[in-house]
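The structure appears right after this line, and notes come after that.
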Amino acid sequence: MADSRCPVCAELCAELRLLPCLHSLCAPCLRRLGTLGEPGRGGAAALRVLCPVCDAEVAVPADGGQLAPGCDLCADGAAAGRCQTCGARLCLFCCQAHRRQKKTASHVIMELESTRDGSQAGKPFFCPSHPTEELRLFCEQCDQPVCRDCVVERHRQHPYDFTSNVAHRHGDCLRELLRSTRRHLGTIEDVLGQIDGMGSTIRVRAESVATEICQFARGYVKTIEEHRDRLLKQLEELKVQKENLLHLQKAQLQQLLQDMRTGVEFTERLLTSGSDLEILVTKGVVASRLAKLNSTAYSTHPSVDDGIWFSPQERAGQYHGYEVFGAILSKAIDPAKCTLHGEDLHSARQNELTGFTLLCNDTAGERMGRGGEAVRVTITHKDKKDCAVKPTVCDNGDGTYHVSYSPEEPGLYAVCVCVKGQHVQGSPFTLLVKNKFRKHQGVFHCCTFCSSGGQKAARCACGGTMPGGFQGCGHGHKGHPGCPHWSCCGQVTKSSECLGGPPGDSSQRSLLRTVAL
């Protein structure tokens, strides 16, 4: 016989109750489940619990849900078989007792799983509200089996029919749902297979990427270590270079000091202990030696400074395909030796973009060759204190900085260029901003005679007169331009050709043009 065990406690012949998720639990295990909320959301007296088998949230009646088929004799265990003679459902223990009793020893007991339509065969179900009434009817409105008394009372005026008449229709609905569910089984199994395959692919891919990361890290660490060794070597060479220069300066100064002491001591002895004749005899040699010692040039400061820095943000290039950072810096910028360059350094035009270049040098006057300095530029109107130009400073990364600006007001400006808070060479300086070009619109006549038929009183569209033409127009007349806009209205010089036709052809006048004075 098949064992009916609770999936939670694994007890045999326990009182199983069917949950909406189609899993069965014994009554004690069901009572031990904690509710998820207050009763009433799932029905008039329903509790929400989590199925311990599938973790589904289900609603069960407060009395514990629908009983699975139980034993008709002891009512303590689930039915494991059915007596074909008396029609009773029996648990495993009662089945064994049913065979041992003399009156029922000849009865045939069949397992429920091997009995066709075992859920409907045998002793009928009785109404829980009317225990003496068999559930033979089905309420269509409430979708549940009922007895005769239920139809008269709570289900009055509800459409109903005999269970044997509606069972096939509801069975067809279940079979249709079953077919739909079976179609999903294959799809879900395929998806699960794809998920398993994707999981394997992800694991393989992750292992491959992990290998790449390790290889990259090993290469990067090796490159950084090599770069560290190079930096330390550069630092050592720079230290030795500075120390050698200091040693050389020290040796030279020590020798000069010794020579001066010798000269001082000799001269002092000569002046204090020497005779007049000795002083006069040695005067020339002593004076020459002292004069030479006094004229010897020497620095009053160490020949080198302690300017050694490490810049971790400095790009150091690529090694083995890896970009590395960090450089040893020994040059110190000297604002007094930084210079300004540009054609329009002291002049600009209103509303036109212009600029200049700052070249940064170190204390030795050599170009820095790197950027990153704190450059500050201010451009302020001398007459209008509230009028200032906001410049843009572009670090070229090679020790040069391009400063661009566009002044909106004409006049004189004071320009200050500072590096590390100190003015550079030539700063501050004066900037003259000129007015923008004045637009002039006029009708230019290539020459007076050609456009006006020889009238010397012809006027330009701006109001100026042009008495006469110009030489070289090809029409044989001579003259000189009298209009101040003669050369600007049409952008014509004295070497230009005449645009007109025969003298007096007024149709060949030039077009209206916009020019700049």
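Could you tell me which residue of the stretch 1-26 is least open to solvent (accessible area, probe 1.4 Å), considering only residues that are of a type in the set (Gly, Ala, Ser) and modelled with pLDDT of 75 or more? The residue in question is Ser24.
Can you work out which of the residues in the stretch 385-420 that are free of Cβ contacts under 8 Å to residues at least 12 places away in the same chain and in a loop (DSSP other than H, G, I, E, B) is surrounded by the most Cβ atoms within 10 Å (Cβ to Cβ)? Explain how you work it out, then say what you get.
Step one: of the stretch 385-420, the residues free of Cβ contacts under 8 Å to residues at least 12 places away in the same chain are 385-386, 388, 394.
Going one step further and asking which of them are in a loop (DSSP other than H, G, I, E, B), we end up with 385-386.
Details: Lys385: 8, Asp386: 6.
Filtering the stretch 385-420 for residues that are free of Cβ contacts under 8 Å to residues at least 12 places away in the same chain and in a loop (DSSP other than H, G, I, E, B), the one surrounded by the most Cβ atoms within 10 Å (Cβ to Cβ) comes out as Lys385.
Identify, please: which residue in the stretch 146-158 is of a type outside the set (A, V, I, L, M, F, W, C) and open to solvent by less than 70 Å² (accessible area, probe 1.4 Å) and is, among those, nearest to Cys127 (Cα to Cα)? Filtering the stretch 146-158 for residues that are of a type outside the set (A, V, I, L, M, F, W, C) and open to solvent by less than 70 Å² (accessible area, probe 1.4 Å), the one nearest to Cys127 (Cα to Cα) comes out as Asp149.
Just to be sure, is Glu189 under 24 Å from Ser330 (Cβ atoms) and in a helix (DSSP H, G or I)?
Numbers: under 24 Å from Ser330 (Cβ atoms): no; in a helix (DSSP H, G or I): yes.
Answer is no for this residue.
Could you list all residues from the stretch 225-268 that are open to solvent by 80 Å² or more (accessible area, probe 1.4 Å) and in contact with a Gly (Cβ under 9 Å, 6 or more places away or on another chain)? Arg228, the sole residue that qualifies. Can you tell me which residue is least open to solvent (accessible area, probe 1.4 Å) among those in the stretch 307-357 that are without any contact (Cβ under 8 Å) to a residue 60 or more places away in the chain, outside the structural domain of Val403 (by the TED database) and out of contact with any Gly (no Cβ under 9 Å at 6 or more places or on another chain)? Per the criteria, the residue is Gly307. Here Glu323 qualifies as over 28 Å from Cys418 (Cβ atoms) and either of a type outside the set (S, T, N, Q) or at pLDDT below 90 (or both).
When you scan the stretch 358-370, do you find a residue that is of a type outside the set (Val, Ile, Thr), in contact with a Ser or Thr (Cβ under 9 Å, 6 or more places away or on another chain), within 27 Å of Val433 (Cβ to Cβ) and open to solvent by 30 Å² or more (accessible area, probe 1.4 Å), even just one? Yes, there is a match, as at least one residue in the stretch 358-370 is of a type outside the set (Val, Ile, Thr), in contact with a Ser or Thr (Cβ under 9 Å, 6 or more places away or on another chain), within 27 Å of Val433 (Cβ to Cβ) and open to solvent by 30 Å² or more (accessible area, probe 1.4 Å).
Do we have Asp63 as among the charged types (D, E, K, R) and either at pLDDT 80 or above or over 30 Å from Leu174 (Cβ atoms) (or both) here? Walk me through it before giving the result.
Working: among the charged types (D, E, K, R): yes; either at pLDDT 80 or above or over 30 Å from Leu174 (Cβ atoms) (or both): no.
No: the conditions fail for Asp63.
The values are calculated or read from the model by the stated rules, or taken from the named source; none is laboratory data. Keep in mind that what you see is a predicted model, and the values were worked out from it rather than measured. Backbone-built Cβ (ideal geometry, glycine too); neighbour counts: all protein chains shown. Heavy atoms of the whole protein, side chains included, go into the accessibility calculation; ligands, DNA and RNA do not. Shrake-Rupley method; radii C 1.70, N 1.55, O 1.52, S 1.80 Å.
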